[in-house]
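What follows is one structure encoded as structure tokens, with my remarks underneath.
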Amino acid sequence: MTITHHPSDATLAAFASGTLDEARSLVVATHLSLCAECRKAVRAFEHLGGELLDELTPTSMSAGALERAMAQLGQPEMILPVPLDSRVENFPAPLAQYDLGSWRWIGRGVQWRPVAVSSAENCRVFMLKAAPGTRLPRHRHTGTEWTCVFEGAFRHDLGRYGPGDFDEADESVEHNPVVEDGVPCICLVALQGGIELQGWMGRLLQPLIRI
Amino acid sequence: MHDDEKAVTEQNPADWIIAIAARRDRTAFAALFAFYAPRIKTMLMRTGASADVGEDIAQESLLTVWRKAAYFDPKRASAAAWIYTIARNLRIDLLRNHKRAKLYALQETVEIEEPERPDTALSSAERAERVRAALSQIPEDQVRVLQLSFFEGRAHGEIAEKLDLPLGTVKSRLRLAMSRLRHLLGDLS
């Protein structure tokens, strides 16, 4: 798998520091499960977090804090084998923690499947499956739209997005993605805010607005 | 660094975690607690938590260190980075309302085993040293913006307001600091 489009450094840092919302974290985690380079970057940011922690000015704990902690010291855990490759229906591991709805048609050649992310604020997470050659209507966003491709590929003004690629679109982007010929394109999307459709083809995406 | 903690920091916190794993060393636990609990409390308070919540997360973080000490692998992470991720994960769980166990598991994606490269692997001390060196090469004003953004999760507009800087300056400093760090940390794995 050759991945050409990655999350920005700011996004990887926000993921590493836990300040990114859950919906977008899920799309980033999905990319990470496929991209060793970005896993490396996140680990580097975690080391940065460790160094910054060491440098912080301490705030005194309340009286007796250590004694209370000591009183709670029980048995340390034994190491249990961790299933490293738990996959659900051949989708990347991070999705395995979430309930997936069933696939539904939302337009010609396009199916949609909701992903239940409980703490999503003003953000919807779903999978899209688009038939080869599908042309999505030109649209722009009122918020961010982050996408990670699992299978197949699509193209838009900024390049080709194949398996593992991460597309970080914000309100400045206006695009009309076209699915490549060959296999259907399956991807995971976190959509914040809404979509503004351009042109009559927008009717195709209309159901998405109601998601 | 603070003088009163010198004795603590002159030893290697990684050794204490290993001592806990090997023989449930309560002295080692007390040393880790003395250094990290007050800093985790500060970290939580910087992100907007109350002193009580900061104290709870600090307590729980150190108890987690005790329970999970056997999982600590000094070849993969420095003690600081490992403890940082524990506190971060507890904070994520807190923010997400405990509606589901282990939501921070998303962050565990990075724990996927990488192929062994023994000849090039850095020790945790080398890795920590490299991060420290990288940080020291970044100008102070960029580090401040980096801290507020990365560590405290503040939006660019909020940082601009807090530091009384134009938004564009905040964004460019952050971009500079990030690319600098990425470059300096490039080989870190």
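The values are calculated or read from the model by the stated rules, or taken from the named source; none is laboratory data. Nothing here was measured: the structure is a model prediction, and the numbers come from that model. As a convention, Cβ positions derive from the backbone with ideal geometry for all residues, glycine included, and neighbour counts pool all protein chains shown. When the accessible area is computed, the model is the full protein with side chains, heavy atoms only, and any ligands, DNA or RNA have been set aside. Shrake-Rupley method; radii C 1.70, N 1.55, O 1.52, S 1.80 Å.
Give the residue that is most open to solvent (accessible area, probe 1.4 Å), with candidates limited to residues of segment B:41-55 that are more than 7 Å from chain A (Cβ to nearest Cβ) and polar (S, T, N, Q).
B:50
Do any strands (runs of 3 or more DSSP E) lying entirely in segment A:100-181 carry at least 3 residues that are in contact (Cβ under 8 Å) with a residue 60 or more places away in the chain and open to solvent by less than 50 Å² (accessible area, probe 1.4 Å), and which ones are they?
A:110-114, A:123-130, A:145-151
Sort out which residues of segment A:68-77 are modelled with pLDDT of 90 or more and open to solvent by less than 50 Å² (accessible area, probe 1.4 Å), and write them in order of number.
Matches in segment A:68-77: A:69, A:70, A:73.
Tell me which residues, restricted to segment A:35-67, are open to solvent by 20 Å² or more (accessible area, probe 1.4 Å), at pLDDT 90 or above and more than 7 Å from chain B (Cβ to nearest Cβ).
Result: A:63, A:64, A:67.
Might you let me know whether segment B:164-174 holds any residue that is crowded, with 18+ Cβ neighbours inside 10 Å and under 16 Å from residue B:47 (Cα atoms)?
No, that holds for no residue.
For residues that are out of contact with any Ser or Thr (no Cβ under 9 Å at 6 or more places or on another chain), more than 8 Å from every other protein chain (Cβ to nearest Cβ) and within 21 Å of residue B:87 (Cβ to Cβ), tally how many sit in segment B:13-24.
Final tally of qualifying residues: 3.
Residue A:7 passes all but one of (1) outside any loop (DSSP other than H, G, I, E, B); (2) more than 7 Å from chain B (Cβ to nearest Cβ); which number fails?
Of the numbered conditions (1) outside any loop (DSSP other than H, G, I, E, B); (2) more than 7 Å from chain B (Cβ to nearest Cβ), the odd one out for residue A:7 is (1).
Out of the residues in segment B:56-85 that are more than 7 Å from chain A (Cβ to nearest Cβ), part of a helix (DSSP H, G or I) and open to solvent by 20 Å² or more (accessible area, probe 1.4 Å), state the one that is nearest to residue B:30 (Cα to Cα).
The extreme case among them is B:60.
So, residue A:20, is that one part of a loop (DSSP other than H, G, I, E, B) and hydrophobic (A, V, I, L, M, F, W, C) or not? Outline the logic, then answer.
Details: part of a loop (DSSP other than H, G, I, E, B): yes; hydrophobic (A, V, I, L, M, F, W, C): yes.
Taking the combined requirement at face value, the residue satisfies it.
Please list, ordered by first then second residue, the pairs with beta carbon atoms under 6 Å, 6 or more apart or interchain, first in segment B:28-40 and facing chain A (nearest Cβ under 7 Å), second modelled with pLDDT of 95 or more and not in a helix (DSSP H, G or I).
Qualifying pairs under 6 Å: B:37/A:61; B:38/A:58; B:38/A:59; B:38/A:61; B:39/A:58.
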